[in-house]
Every structure is written in structure tokens, then in C-alpha cells.
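All of the numbers you see were taken from the coordinates with simple rules; none came from a lab. Not measured: the values here are computed from a predicted model. Quick reminder, even Gly has a Cβ in these numbers, built from the backbone with ideal geometry, and neighbours come from all protein chains shown.
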Amino acid sequence: MPMNEDSSGESAAGAAGTRPGARAAPGAAGSASDATAGSAAQAAADATVRATTLAGDDASAHPPRARRVVDPDGRARIQVSGQWVLRALLPQAAALHRRLMGYARDAGVRWDLQGVQTLDAAGALLLWRSWGRRRPQVLLRPEHEAAFADLSPEPAPPPPRPVHDPLALVVGIGRNALALGSHLQQIVLLSGQLVFDALRLARNPQRVPWREISANVYRTGAQALPIIALVGFLVGIVLSYLSAKQLASYGANIYIINLLGVGIVRELGPMLAAILVAGRSGSSMTAQLGVMRVTEELDALTVMGISQTLRLVLPKVLALAIAMPLLVLWCNFIALLGGMLAAKQELGVTYRQFLQTLPSTLPVANLWLGVGKGVLFGVLIAVIACHYGLRIKPNTESLAAGTTDAVVASITTVILVDAAIAIIFSSVGLR
Amino acid sequence: MSSSCIIDARGITTRFGATVVHRDIDLCVRTGEVMALIGESGSGKTTLLRELLGLSRPSAGTIRVFGVPLQGCSEEALALNRRRWGVLFQEGALFSALSVYDNVALPLHELRALPEDVVRELVMLKLALVEIDTASASKLPAQLSGGMVKRVALARALALDPELLFLDEPTAGLDPERSAGFVALIERLRRELNLTVVMVTHDVDTLIALADRVAVLADQRLITVGPLWDVVKFPHDFVRSFFLGHTSRCEQEKIDDFRRGLVQSRRAA
């Protein structure tokens with residue numbers, strides 16, 4: 001730490017004591033400051049530390065200083081002056097602390113703090129620690145008395161260390177398993193509540209929240225069209241292009257239509273749409289509910305006697321159940337279009353040939369299966385997203401974790417369910 | 001720059017679309033004083049406070065804090081400047097993911113110059129200052145009561161021992177006992193540190209106990225700025241209704257008596 005030690009002529013206006021001449025500055029080395037402390041007993045040391053702070057700052061005009069003078073009665077006195085505030089102390093807190101410790105080693109020394117202009121908790125603490133956490137003989141301005149009143153003779157106890165648990169791994173696995181169980185339980189409860197709400201609405205159709213539903217269909221469906229088109233188109237092209245290379249080597253060019261038809265309509269279309277919607281709308285649903293928890297809007301709804309599931313969750317679930325199959329169809333259409341363009345380019349399959357052959361190679365059951373999966377995935381994504389949203393605790397960390405978990409969980413669930421459906425319906429729509 | 005003004009705002013005009021919130025406001029906050037900002041809801045108190053903090057930018061006008069203009073100075077100068085301020089937000093604005101201790105320690109850690117044990121002791125001092133017990137230091141903000149959130153937020157605002165303290169509704173949500181303690185704390189800090197305080201408040205008791213000068217925001221302007229006993233006499237509907245029933249308490253001698261009493265009662269306690 002750089003430190004300037006002024007000679008007394010330069011720094012001490014009205015300084016008592018003899019002129020010591022410039023001495024070596026105690027640097028960062030601890031031994032140097034010890035040496036200072038020892039020799040300080042003989043000579044009146046005069047050391048000033050300049051603060052390097054903001055220009056025009058009051059604190060830099062009166063930096064914290066401490067100097068040792070010998071009174072006419074032969075007793076040593078430490079003169080402390082300047083601005084003893086955190087900002088001014090910061091550049092040389094360590095060096096000052098060492099020097100003060102050196103001064104404090106002499107138990108008979110008197111401390112004169114009357115030259116201190118301002119003293120804050122940090123300044124008081126620095127002096128207090130240098131004094132060995134007890135009050136020496138000290139002259140103090142009355143307004144600075146209070147700063148020392150709160151300081152305790154005992155250092156603040158260190159925070160308790162977290163105990164290391166040798167079974168942490170096992171505990172962690174168990175905890176995760178239990179968490180999974182509680183998630184499943186809560187999702188089942190939420191789904192059941194939604195069914196009850198839906199039945200209630202069926203009995204009172206005038207209470208159906210049409211506005212929320214249509215707003216959600218617009219937000220999750222209509223606004224997702226461009227991104228789904230882009231992704232679907234590119235995936236169609238890539239799939240067609242890669243397959244074309246393989247098929248051409250067997251001379252089975254025409255089978256590109258079967259491959260694209262079944263692959264996209266039965267599997268890729270619903271999957272792509274579900275993944276995009278989970279990332280796009282699922283996360284926003286979780287975040288929305290989470291922020292409503294943070295801002296206590298959920299509680300406000302509850303105390304108004306308005307059901308959270310009826311007003312917030314059900315419209316989202318219904319909206320995605322409507323929007324998702326439509327998005328699946330849209331995705332199918334665009335991906336097939338991309339595939340068709342690439343097939344013409346790579347294999348010379350004409351558009352007319354493609355469009356005429358497609359219906360005969362693709363049993364319509366595949367379309368129903370794809371659209372049905374769309375409805376199911378939509379409901380799953382919305383329920384999972386809302387479940388995580390309602391679980392969020394009112395802090396930012398939980399909001400971030402909840403949103404991530406919601407997206408991961410909904411995409412994973414969609415893929416698992418898709419695999420199960422693939423097995424269950426393996427004899428449907430394929431020949 | 002007039003040297004006595006810690007905050008020097010000139011010609012502040014704020015527009016939101018077609019709505020004019022402030023029209024050509026001049027405000028000077030002098031070193032060491034407690035300046036209170038009052039006004040009816042919607043008069044732009046919080047907007048003005050945000051502009052003084054440099055959080056939003058007025059449509060026209062300049063604001064200098066410690067002589068440094070908020071607009072048009074370098075990020076670094078602004079950051080250094082801001083270390084000399086403490087801000088108590090109305091809702092506390094504690095970092096919800098950090099414990100009480102970490103919230104208060106954050107500005108100290110950010111300096112990257114203090115050893116951990118010094119930080120710990122400073123944090124504990126600040127928490128003791130606002131009467132938060134050690135057991136609560138490891139709690140998260142969500143586990144605290146509203147009043148405690150406010151006190152922890154004050155401890156955080158004071159962590160760097162600022163020269164300038166902004167308080168947005170400091171005593172709202174505190175019980176009378178705490179609110180008196182809060183007032184005494186501010187009083188003590190400004191005595192020790194020559195603290196300058198800018199506060200927005202609705203509480204007449206806080207005004208009587210603390211405010212050196214009061215600025216009244218109404219009709220898009222600062223209609224009057226002055227000591228409480230002068231402001232109460234200002235002929236304006238808002239001022240009349242604000243101090244309704246309190247006018248006699250706001251005479252200069254009574255305020256002086258009240259404050260002396262406050263200091264003595266705290267000392268006795």
C-alpha cells in the first residue's frame with residue numbers, strides 16, 4: 001500500500017513536539033510497523049497519510065491523520081485528526097491500523113481525538129480495534145462519544161460454519177425423490193381441481209372466462225406462428241435433404257414422401273410445436289404466476305374469493321389445448337413444404353407428384369394422432385407451467401429456479417409421454 | 001456550483017407524454033440539513049426523488065449532486081458519487097435472494113478493500129443501530145415483518161456511512177415507538193456525521209421531529225420551500241389540508257421544545 005509520510009514542517013500546522021525529520025514509511029511488511037512502534041517511543045513521529053478520493057471531496061481535503069507528540073509533562077499523546085470516515089480511510093486502512101496498533105502498544109499513552117472532524121462507525125471501529133477493543137485514556141469531542149458507545153469489547157462471533165454431512169449424497173437423493181413425489185401429488189391435485197372448475201363452468205356457462213381464454217390463445221398461438229414456421233421449415237428441409245442422400249443410393253427416391261409424411265405429421269410436428277411452446281409460453285406462464293406471487297396479486301385474488309385455478313390456470317390450460325393442435329397443423333404444413341422443396345431440389349420429385357402421392361402414403365389416422373398429441377401436450381405444458389408458477393416463493397431466486405424447472409419438466413414430460421404414445425399406438429396408422 | 005448546495009437541481013421539467021409532472025423546478029439541498037418533500041399523491045414526489053437519484057432523467061434541467069452532474073458525467077464518476085449516498089426505498093428493496101446479513105454486507109463487500117472480520121463487525125454495528133437482533137441476521141427478507149424490512153433496508157443504506165441519505169416514506173409502516181426510534185437515529189447520525197437527508201414523507205410527526213426545511217410540491221411546481229413554521233402558513237389548499245389540526249404544533253418554539261424533549265427522552269432511555 002503506497003503511503004506518504006510528510007515531514008512535520010509540511011503537514012503539521014500548530015504541531016507540538018520536536019521535528020523528527022522524514023523517516024522510512026512503514027510499508028506493507030508487518031515488521032516495519034513494529035520497528036516504527038519501538039522507535040516511536042523516543043522520537044515524536046509525525047506521519048500523515050493522504051487519502052486519494054474524489055476531487056473536491058471534503059474527505060480528501062482533511063485526510064485521517066494520527067501523530068505522536070510528547071507533551072511538556074513528558075507523557076506521550078497520540079493526536080488523531082481529520083476525517084475518520086470509511087471513504088477517506090479506505091485507501092490506507094491497513095497501514096493506518098498497523099500504525100495505530102504500534103502507538104497503542106504503549107499503555108500509558110493518551111489519545112487525543114479532539115482534532116477529528118467527523119467520525120463514522122468504520123473510523124470508530126478502526127480505532128477501537130487498534131486499542132485492543134477497550135477504551136484507553138482518551139480526549140473526545142462530545143458528539144463523537146456515541147460512536148464508541150455501541151462498540152463491544154468482544155469481537156463479533158464468526159458465523160456458524162455449515163456442518164458437513166457425510167450422508168449428504170444419500171440425503172440429497174432421498175430429498176429429490178420426495179420432491180418428485182410432492183410434485184406429482186400437487187400436479188394431480190391441480191389437475192383434479194381444474195376438472196372440478198371445468199365442471200362448475202359447464203353448469204354455469206356464463207361464467208366461462210372467454211376473454212382470458214381468447215387472450216391466451218392469441219398470445220400462445222397466434223404470436224407463435226412465425227417462430228414455429230421458421231423452425232418447421234428449416235427442420236423439413238434438413239430432414240428431406242439428409243434422407244434424400246440415403247434414399248438416392250438405393251434408388252428409392254419416391255419413398256421420401258412416405259418418410260416425410262409419417263415422420264413430420266406423426267412425430268416431428270407435434271414434438272417441435274410442443275418444445276417451442278414449452279420454451280416460449282410455458283416459461284412465461286410460470287414467470288407470470290411467480291411474479292403475481294411476489295407482488296401478492298395471488299393473495300389479493302384469494303381474499304376477493306376468486307379461485308386462482310379458475311381465473312388463472314384454467315384459461316391457460318384451455319387456451320393451450322385449443323392453440324396447440326392448430327400449431328401442430330401449422331408446423332406440419334410448413335415442415336412438409338420445406339421437405340417438398342428440398343425433395344424437388346435433391347431428388348427431382350415434382351411438387352405435383354409429392355402432393356398427389358402424400359394422401360395415399362399417409363393414413364389419416366396419423367393426422368389425428370398428431371393433432372391428438374397436440375391437445376395432450378398443450379394441456380401438459382400449461383398444467384406443469386402453472387404448477388411451477390404457483391409453487392414459486394416470493395423471492396427472485398425461486399422465480400428463476402421455478403421458471404427453469406418448469407421448462408425442463410414440461411419438455412421432459414412431453415418427450416416421455418410421446419415415447420409412451422409411440423409404443424401404445426404402434427399398430428395405428430402405419431403399414 | 002453554489003458550494004453550500006449538496007443537491008443543486010435547476011429548471012427540472014418532467015413530461016410523460018402529454019402530461020407535465022414538473023414545470024421548471026429549482027431545488028437546493030444544503031449541506032447538513034433535513035429537507036422534506038411533501039405533496040399530494042400524484043404530484044410527482046417519487047418522480048422527483050428518482051430524478052435526484054439519477055434513476056430517471058428529467059425532460060429538461062440539470063441536477064448536480066456533490067457538484068457532479070448526474071447527466072453527462074462518466075459512469076465511474078457517477079458510481080463514486082453514489083457511494084456517498086444511501087437510499088432507503090419505500091418498500092425496502094432488499095435483495096430477496098440474500099440474507100439480512102448479506103444484504104447489509106453487500107455494499108461493503110463491493111468495495112473489495114475490507115477484510116471479512118471488519119465487514120462482519122460493521123454489519124453487526126449497523127444492524128444493532130436499527131435494532132435488528134443477531135438471530136435475524138441469517139433470515140431472508142421474505143421471513144421479516146414489514147417494519148423489520150424497512151429497518152434492514154435502512155441499515156443497508158447506512159452501510160457505507162453516507163453523507164447524503166435519501167428516504168422515501170421512512171416512517172410509513174413503522175409503529176409509533178419504532179418511528180420515534182427511527183427519528184432519533186437519524187437525528188443522531190446527522191449530529192455525528194453531518195448527514196444531509198432528503199426525505200419524502202406523509203407523516204406530520206416525522207416532519208415536526210426532523211425536517212429543517214420543507215418543500216411543497218403542488219400544481220407541477222415547488223410552491224414553497226422553507227422551515228415548517230413558515231410553510232404551514234402558506235395559503236394553498238393542499239398545505240391547509242395536509243396540516244389540518246397540526247398547525248398549532250408547527251410553531252417554531254413548540255417544534256424546538258418537541259425536539260429537545262425527544263433528544264432528552266432518548267437519552268434517558
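For every residue, the table says whether it meets (1) more than 14 Å from chain A (Cβ to nearest Cβ); (2) assigned to a strand (DSSP E or B); (3) among the charged types (D, E, K, R).
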{"site": "B:136", "(1), (2), (3)": "no, no, no"}
{"site": "B:154", "(1), (2), (3)": "no, no, no"}
{"site": "B:162", "(1), (2), (3)": "no, no, no"}
{"site": "B:166", "(1), (2), (3)": "yes, yes, no"}
{"site": "B:172", "(1), (2), (3)": "yes, no, no"}
{"site": "B:188", "(1), (2), (3)": "no, no, yes"}
{"site": "B:199", "(1), (2), (3)": "yes, yes, no"}
{"site": "B:225", "(1), (2), (3)": "yes, yes, no"}
Legend entry - Among the residues listed as A:133, A:200, A:129, the single one being within 11 Å of chain B (Cβ to nearest Cβ), over 31 Å from the mean Cα position of the chain (by Cα) and assigned to a helix (DSSP H, G or I): A:129
Inset, instruction - Identify all residues within region B:4-21 that are in contact (Cβ under 8 Å) with a residue 12 or more places away in the chain and outside any strand (DSSP E or B); write none if there are none. - result: B:4
Inset, instruction - Kindly indicate which of A:135, A:99 is basic (Lys, Arg) and farther than 21 Å from residue B:114 by Cβ. - result: A:135
Legend entry - Pairs, first under 20 Å from residue A:98 (Cα atoms) in region A:132-143, second part of a strand (DSSP E or B) and not charged (D, E, K, R), C-beta under 7 Å, six or more apart: A:136/A:111; A:137/A:111; A:138/A:111; A:138/A:113
Legend entry - Subset of region A:382-431 (residues that are part of a loop (DSSP other than H, G, I, E, B) and either within 14 Å of chain B (Cβ to nearest Cβ) or buried (at least 22 other Cβ atoms within 10 Å of the Cβ) (or both)): A:392, A:393, A:394, A:395
Legend entry - In region A:326-353, the residues that are surrounded by 23 or more Cβ atoms within 10 Å (Cβ to Cβ) and touching a Lys or Arg at 6+ places or on another chain (Cβ under 9 Å): A:328
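Out of curiosity, is residue A:110 without any contact (Cβ under 8 Å) to a residue 60 or more places away in the chain and surrounded by fewer than 18 Cβ atoms within 10 Å (Cβ to Cβ)?
Numbers: without any contact (Cβ under 8 Å) to a residue 60 or more places away in the chain: yes; surrounded by fewer than 18 Cβ atoms within 10 Å (Cβ to Cβ): yes.
Against the criterion (without any contact (Cβ under 8 Å) to a residue 60 or more places away in the chain and surrounded by fewer than 18 Cβ atoms within 10 Å (Cβ to Cβ)), residue A:110 qualifies.
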Inset, instruction - Just name the residue that is surrounded by the most Cβ atoms within 10 Å (Cβ to Cβ) out of those in region B:138-152 that are of a type in the set (A, V, I, L, M, F, W, C) and part of a helix (DSSP H, G or I). - result: B:152
Inset, instruction - State whether the residues of region B:89-109 include one that is within 26 Å of residue B:49 (Cβ to Cβ), surrounded by 15 or more Cβ atoms within 10 Å (Cβ to Cβ), more than 10 Å from chain A (Cβ to nearest Cβ) and of a type in the set (Phe, Trp, Tyr). - result: yes
Inset, instruction - Just need a number here: residues in region A:365-411 that are touching a Phe, Trp or Tyr at 6+ places or on another chain (Cβ under 8 Å) and not β-branched (Val, Ile, Thr). - result: 5
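Identify, please: which residue in region B:110-121 is over 30 Å from residue B:64 (Cβ atoms) and among the hydrophobic types (A, V, I, L, M, F, W, C) and is, among those, farthest from the other protein chains (Cβ to nearest Cβ)?
First, the residues of region B:110-121 that are over 30 Å from residue B:64 (Cβ atoms): B:115-121.
With the extra rule that they be among the hydrophobic types (A, V, I, L, M, F, W, C), the set shrinks to B:118-119.
On the way: B:118: 7, B:119: 10 Å.
Checking each candidate, the answer is B:119.
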Inset, instruction - Can you work out which of the residues in region A:154-177 that are surrounded by 10 or more Cβ atoms within 10 Å (Cβ to Cβ) and within 14 Å of chain B (Cβ to nearest Cβ) is farthest from residue A:128 (Cα to Cα)? - result: A:159
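Inspect all residues belonging to region A:135-148 and state whether any of them is small (Gly, Ala, Ser), closer than 17 Å to residue B:125 by Cα and surrounded by fewer than 16 Cβ atoms within 10 Å (Cβ to Cβ). If you could, list the steps in order and put the result at the bottom.
As a first pass, look at region A:135-148 and keep what is small (Gly, Ala, Ser): A:146-147.
Narrowing the set further to residues that are closer than 17 Å to residue B:125 by Cα leaves A:146-147.
Narrowing further to those that are surrounded by fewer than 16 Cβ atoms within 10 Å (Cβ to Cβ): A:146.
So far as region A:135-148 goes, yes, one or more of its residues are small (Gly, Ala, Ser), closer than 17 Å to residue B:125 by Cα and surrounded by fewer than 16 Cβ atoms within 10 Å (Cβ to Cβ).
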Inset, instruction - Mind listing just one residue for me: the one in region A:250-275 that is in contact (Cβ under 8 Å) with a residue 12 or more places away in the chain and of a type in the set (Gly, Ala, Ser) and, of those, farthest from residue A:240 (Cα to Cα)? - result: A:274
Inset, instruction - Looking only at region B:122-134, count how many residues are more than 8 Å from chain A (Cβ to nearest Cβ) and surrounded by fewer than 21 Cβ atoms within 10 Å (Cβ to Cβ). - result: 3
Inset, instruction - For residues that are over 11 Å from the mean Cα position of the chain (by Cα) and acidic (Asp, Glu), tally how many sit in region A:391-409. - result: 1
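Just need a number here: residues in region B:175-186 that are of a type outside the set (Gly, Ala, Ser), within 15 Å of the chain's Cα centre (by Cα) and away from chain A (no Cβ under 13 Å). First the steps, then the outcome.
Here is the first cut: in region B:175-186, the ones of a type outside the set (Gly, Ala, Ser) are B:175-178, B:182-183, B:185-186.
From what's left, within 15 Å of the chain's Cα centre (by Cα): B:182-183, B:185-186.
Those left that are additionally away from chain A (no Cβ under 13 Å): B:182-183, B:186.
The number of residues fulfilling the criteria is 3.
Here's the yes/no breakdown for (1) in contact (Cβ under 8 Å) with a residue 40 or more places away in the chain; (2) under 30 Å from residue A:398 (Cβ atoms):
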site: B:135; (1), (2): no, yes
site: B:138; (1), (2): no, yes
site: B:159; (1), (2): yes, yes
site: B:164; (1), (2): yes, no
site: B:167; (1), (2): yes, yes
site: B:174; (1), (2): no, yes
site: B:180; (1), (2): yes, no
site: B:196; (1), (2): yes, no
Inset, instruction - Tell me which residues, restricted to region B:42-67, are part of a loop (DSSP other than H, G, I, E, B) and more than 14 Å from every other protein chain (Cβ to nearest Cβ). - result: B:42, B:43, B:44, B:53, B:54, B:55, B:56, B:57, B:58, B:59
Inset, instruction - Being surrounded by fewer than 17 Cβ atoms within 10 Å (Cβ to Cβ) and either more than 9 Å from every other protein chain (Cβ to nearest Cβ) or touching a residue at least 40 places away in the same chain (Cβ under 8 Å) (or both) is the filter here, so list the residues in region B:68-77 that pass it. - result: B:69, B:71, B:72, B:73, B:74, B:75, B:76
